[in-house]
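**Student:** First, the structure itself, so that you have it in front of you.
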Amino acid sequence: MPVRVQREDFDAGAEIARLRGGNTKVGAVASFIGVARDVNDGDSVATMTLEHYPGMTEKALEKIADEAKCRWRVMDVLVVHRVGELKPTDQIVLVVVTGEHRGEAFAACEFVMDYLKTRAPFWKRERTPAGTRWVEARASDDEAAARWGQD
């Protein structure tokens, strides 16, 4: 169950192929790619900088991926999350889940993303025409994660 936090970009196709590894039992691959946007809360965003605590962040991501594997019958979970300065259209995060069936893979992938948004220790700072600002947590993210129940 790979989890990586890195500055460099990722190749989603190569990551998916590596996770599948030619396993003939994989019948479903569900994935999500989060991408930096040029607008947030109605303001233009030039860059977003993601910060984290090395070691602590990876452990939190591993816990989220482990939880997904416990809740659903999936084979593997991959999380690649970038840190550092990102520009609009840059890839931020990749979540890939392999399993025998699509329903389990879709649910686990969505769960991982919802929990990443609310439980992973990342801090986002945006540069806008008015200056820099920290991105606050969104109630909608908490609501999405709450539907999965307690962890």
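The values are calculated or read from the model by the stated rules, or taken from the named source; none is laboratory data. Quick caveat: nothing in here was measured; it's all calculated off a predicted structure. Positions of Cβ are generated from backbone atoms using ideal geometry, with glycine treated the same way; all protein chains shown enter the neighbour counts. Areas reflect the complete protein model, heavy atoms only, side chains present, ligands, DNA and RNA absent. Shrake-Rupley method; radii C 1.70, N 1.55, O 1.52, S 1.80 Å.
**Student:** Are there GluC sites (Glu not before Pro) in region 116-150 that DSSP marks as loop and that have at most 11 other Cβ atoms within 10 Å, and which are they?
**Tutor:** GLU136
**Student:** Further question: In nm, to one decimal, how far is the modelled label at GLU143 from the one at THR49, with both set 7 Å along Cα→Cβ?
**Tutor:** Once both label points are built, they end up 3.2 nm from each other.
**Student:** Continuing with this model, one more query. Just subtract the alpha-carbon distance of THR132 and ALA17 from 0.36 nm times their residue separation and send over the number in nm, one decimal.
**Tutor:** 37.6 nm
**Student:** Obtain the nm distance between the two label points defined at ASP38 and GLU62 by a simple spin-label model: each point lies 7 Å from its Cα along the Cα-to-C-beta direction.
**Tutor:** The two pseudo-label positions are separated by 4.0 nm.
**Student:** Could you please state, rounded to a whole Å, how far the C-alpha centre of region 78-151 is from the C-alpha centre of region 32-55?
**Tutor:** Between the Cα centre of region 78-151 and that of region 32-55, the gap is 10 Å.
**Student:** With axes computed from alpha carbons, what is the tilt in degrees of helix 102-119 against the longest principal axis of the chain, rounded to the nearest 10 within 0 to 90?
**Tutor:** The two axes meet at around 30 degrees.
**Student:** For ARG102 and ASP90 in one chain, what is 0.36 nm times their gap in residues minus the Cα-Cα distance, to one decimal in nm?
**Tutor:** Extra length available between ARG102 and ASP90 comes to 1.6 nm.
**Student:** On to the next question. When only Cα pairs under 8 Å and 6 or more residues apart are kept, what is the percent relative contact order across the chain?
**Tutor:** It rounds to 32 percent for the chain.
**Student:** What is the packing order of peptides 60-68, 99-107, 38-46, 85-93, taking the mean over residues of other C-beta atoms within 10 Å and listing the highest first?
**Tutor:** 60-68, 99-107, 85-93, 38-46
**Student:** Compute, for the chain, the length of the dipole vector about the Cα centre, with Cβ point charges of +1 (Lys, Arg) and -1 (Asp, Glu) only. Units Debye, rounded to 20.
**Tutor:** 260
**Student:** Report, to the nearest whole %, how much of the accessible area of the chain belongs to carbon and sulfur atoms, 1.4 Å probe, protein only.
**Tutor:** With neighbouring chains kept in place, the figure for the chain is 48 percent.
**Student:** Divide by every residue of the chain the summed helix terms, -39500 (n - 2.57) for each DSSP H run of at least 4, and state the resulting mean residue ellipticity at 222 nm, rounded to the nearest 500 deg cm²/dmol.
**Tutor:** -10500 deg cm²/dmol, from helical runs alone.
**Student:** Now a separate question. Roll a 1.4 Å probe over the protein chains and send me the accessible area per residue for region 1-128 in Å².
**Tutor:** Averaged over the residues of region 1-128, the accessible area is 52 Å².
**Student:** Sticking with this structure for a sec: For labels at ARG125 and ASP9 in the simple 7 Å Cα→Cβ model, what's the distance in nm?
**Tutor:** 2.4
**Student:** Amide H to amide H under 5 Å from LEU86: which residues, 5+ apart in sequence or cross-chain, H placed 1.01 Å off N in plane?
**Tutor:** MET48, THR49, LEU50
**Student:** Normalised by the residues of region 33-109, what does the relative contact order come to in percent, with Cα pairs under 8 Å and at least six apart?
**Tutor:** Once normalised by length, the contact order is 39 percent.
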